[in-house]
1. ASP268 versus (1) among the acidic types (Asp, Glu); (2) under 23 Å from VAL75 (Cβ atoms); (3) at pLDDT 95 or above: which is the lone unmet condition?
2. Look through the stretch 132-157, keep the residues that are of a type in the set (Gly, Ala, Ser) and surrounded by fewer than 21 Cβ atoms within 10 Å (Cβ to Cβ), and return whichever of them is farthest from GLY253 (Cα to Cα).
3. Go through ALA308, ALA267, ALA259 for me and flag whichever is under 17 Å from ARG203 (Cβ atoms) and surrounded by fewer than 16 Cβ atoms within 10 Å (Cβ to Cβ).
4. Looking at ASP274, ASP268, ASP224, which one is assigned to a loop (DSSP other than H, G, I, E, B) and among the charged types (D, E, K, R)?
5. Can you name every residue in the stretch 73-115 that is closer than 29 Å to SER307 by Cβ and among the acidic types (Asp, Glu)?
6. Here is a check on your reading of the model: is HIS191 on the phi > 0 side of the Ramachandran plot and not small (Gly, Ala, Ser)?
7. Are any residues in the stretch 111-151 under 17 Å from GLN190 (Cβ atoms) and of a type in the set (D, E, K, R), and if so, which ones?
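The values are calculated or read from the model by the stated rules, or taken from the named source; none is laboratory data. Everything numeric in this text was worked out from a predicted model, so none of it was measured. Every residue, glycine as well, gets a Cβ built from its backbone with ideal geometry; the counts of neighbours run over all protein chains shown.
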Amino acid sequence: MVRHVALIALCFAIAGCGGSTPRPEKSGYAAERISSQKEIPASMRGVSAKQLFGKANAGSNQPPAPYGSYAKGCVAGAQQLAETGPTWQAMRLSRNRNWGHPETIDFIEKLSAKAARQPGWNGLYIGDISQPRGGPMLTGHASHQMGLDVDIWMLTPNRMNLSRAERENISSISMRRAKGAFTNSDWTRQHHEVIKAAAQDPRTARIFVFPGAKVRMCKDEKGDRAWLRKIRPWYGHHYHFHVRLKCPKGMQGCVNQAAPPAGDGCADAQQWVDNILTPPPPSKTPPKVKPKPRRELTLADLPRQCSAVLQSR
């Protein structure tokens, strides 16, 4: 436990934590796995899954369906978020990661319309959703594999006419202070209300933000607090907040993350902040086993349906 909280403090003290994503918790559903290499086309055997999925430039010609889990899956029939809409703009278009399950696209469109009603906001700047067919990414995220995760920039969206070049070159802004223990002066009530609206959508499973933001929202919310349960503190997530949707109804091949613990989660977030402000001493006991480097995922590690997703024309 001591080593765990020390790592939390260390992660906030250095750059590069934003790509970290919590592992899905256990679910009662076991994804259908490939049982033999013979099921995989010869050209795909032994090739890293991120290389295979990274090559796809359009969604598969299949009914929409997420398969597997958020960090080990794929998405059939993904829909591309329009580069520009009435109340949103997709950022970093060169990545081609503005693809998602239709429920995710609908969620973005509806949430952005609510955001546009906030003073000074014209909508939302949308970061990564998924690759055209989901799956492991060439760079960055461990999750975002089923088209049910979306990163939404913290930068106040005051223009909805950014050029492609501007979307490549501008960056979001950090909302954190003191290594994530507090929000800074760029945080506004509008950020609170937009994240609240996202959490109140019944399709939302969790929203990841830096600890100081969760604690701030806990202190500022004077009305219904039920939505705070979905706001979870996690490493990074101070340039964007990460929305994770539940598996759509009837999608049997999709593994949900377990529901958040009961309660509003505010005491837990405060503990994260306390550990940032006063890091516990490092453990004097060295680990017994040196952790092995993470192995590259191959198609054999993903649900059986992901092979068909890749082969669909």
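1. Just one mismatch for ASP268, condition (2).
2. Among those residues, the one meeting the criterion is GLY140.
3. Sole residue among the options that is under 17 Å from ARG203 (Cβ atoms) and surrounded by fewer than 16 Cβ atoms within 10 Å (Cβ to Cβ): ALA259.
4. Only one candidate qualifies: ASP224.
5. GLU103, ASP106, listed by residue number.
6. no
7. Across the stretch 111-151, the qualifying residues are LYS114, ARG117.
Quick grid of which residues meet (1) of a type outside the set (Lys, Arg); (2) under 19 Å from ILE195 (Cβ atoms):
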| position | (1), (2) |
| --- | --- |
| ILE231 | yes, yes |
| TYR239 | yes, yes |
| GLN270 | yes, yes |
| SER283 | yes, no |
| LYS290 | no, no |
